[in-house]
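One structure is given below, encoded as structure tokens.
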Amino acid sequence: MKKVRMLTTRMRAKRMLAVLAGVAVLGAAGGCGAGAASSVVGKERLVIGVRPDLPAIGFRKGDGRFEGFDVDVAAYLARKLGATPTFVPALAADRERLLLEGKADLVVATFSITQERKTRVSFAGPYHLSFQDILVRDGTTGIANVRDLAGRKICEVQGSNAAQRVIDERQIPASVVPASTYDQCMAMLKSGRIDAITTNDVILAGLAAREGRGVRLVNTQFNEQRTGVGLRKGDVDGCEAVNRAITDMYQDGTAGMLLRKWFGTSGLTIGTVSVPQFEGCS
């Protein structure tokens, strides 16, 4: 009886050791998996959120493919990281959610870097410096700069903060009219329901180029826009790798070539093309 009890005790001890060993292996594997998933470095495929609704920036064509400046930038960065890009749509209101829910590894979608956004996601870059501008109907008079938006109706796409910045930062008493897409803003502008659209100049230049006539870019520059690459919060290695790729993009002439390719005939002043000062990865 005593011998049987001793054997039973030994068997239980062996089972416990096996369980503990299994837990340790799973824990280690889980830790490695989490680390690999949390960084874009070393991935063979990168899911990248790009705009589907902005001509010349990020636009989804009828065949489902994406094209535009941001799309070309995203493809370049992916190649530099040794990965194959897969693009998914990222409307203004979806950019943070895609990262927070793990549905995108990077977001390259006119994502302006702000301190408030940096509390939830990380940013590499900026990869492009632009300014806020104003788009109006042809024949509109009295709007030559941001101060002239006082008392006017201006459109703001959900997830963007451009119109609100006119009110909060510039102290301009304008009326903000919400929209879900820039196509809705354009429809309201052309119908006269709003007086102007204000956001990044490259976005407005793309819209103006698509329309061809009937609208006009005011070409007033205010509120510098630092457009960055969104990453999951805390991916310092990924941020540094993307910054190196952005540096290469400027130094090898790709950045200037892409800006001229997409905006060279839009009337937008491109200016000097040089490596932007990065925000830093922390």
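Observations, loosely collected:
- Sub-9 Å Cβ pairs linking a first residue in region 254-277 that is closer than 12 Å to residue 73 by Cα to a second residue that is assigned to a loop (DSSP other than H, G, I, E, B) and hydroxyl-bearing (Ser, Thr, Tyr), at least 6 apart or interchain, are 255/274, ordered by first then second residue.
- Among residues of region 209-247, those that are touching a Ser or Thr at 6+ places or on another chain (Cβ under 8 Å), among the charged types (D, E, K, R) and over 15 Å from residue 110 (Cα atoms), counted: 5
- Flag for residue 249 being assigned to a helix (DSSP H, G or I), surrounded by fewer than 17 Cβ atoms within 10 Å (Cβ to Cβ) and of a type in the set (A, V, I, L, M, F, W, C): no
- Restricting region 129-159 to residues that are among the acidic types (Asp, Glu) and surrounded by 16 or more Cβ atoms within 10 Å (Cβ to Cβ), the residue that is farthest from the chain's Cα centre (by Cα): 148
- Looking only at region 52-71, and only at residues there that are over 13 Å from the mean Cα position of the chain (by Cα) and surrounded by 22 or more Cβ atoms within 10 Å (Cβ to Cβ), the one that is nearest to residue 209 (Cα to Cα): 56
- Residue-level analysis places residue 81 outside the set of residues that are closer than 23 Å to residue 264 by Cα and more than 11 Å from the chain's Cα centre (by Cα).
- Selection from region 144-170 of residues that are out of contact with any Leu (no Cβ under 7 Å at 6 or more places or on another chain) and assigned to a loop (DSSP other than H, G, I, E, B): 144, 145, 150, 151, 152, 158, 160, 161, 169, 170
- Contacts under 7 angstrom Cβ, first residue in region 137-149 being over 19 Å from residue 190 (Cα atoms), partner assigned to a helix (DSSP H, G or I), 6 or more apart: 146/166
- Total residues in region 186-212, condition among the charged types (D, E, K, R) and more than 25 Å from the chain's Cα centre (by Cα): 3
So that you can scan it fast, the table gives a plain yes or no per residue for (1) out of contact with any Phe, Trp or Tyr (no Cβ under 7 Å at 6 or more places or on another chain); (2) modelled with pLDDT of 90 or more; (3) of a type in the set (Phe, Trp, Tyr):
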{"position": "134", "(1), (2), (3)": "yes, yes, no"}
{"position": "138", "(1), (2), (3)": "yes, yes, no"}
{"position": "143", "(1), (2), (3)": "yes, yes, no"}
{"position": "147", "(1), (2), (3)": "yes, yes, no"}
{"position": "176", "(1), (2), (3)": "yes, yes, no"}
{"position": "191", "(1), (2), (3)": "yes, yes, no"}
{"position": "201", "(1), (2), (3)": "no, yes, no"}
{"position": "211", "(1), (2), (3)": "yes, no, no"}
{"position": "219", "(1), (2), (3)": "yes, no, no"}
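- Residue that is modelled with the highest pLDDT, among those in region 221-246 that are among the basic types (Lys, Arg) and crowded, with 16+ Cβ neighbours inside 10 Å: 232
The values are calculated or read from the model by the stated rules, or taken from the named source; none is laboratory data. In this text the structure is predicted, and so the values were computed from the model without any measurement. Cβ atoms come from the backbone with ideal geometry, glycine included; neighbour counts cover every protein chain shown.
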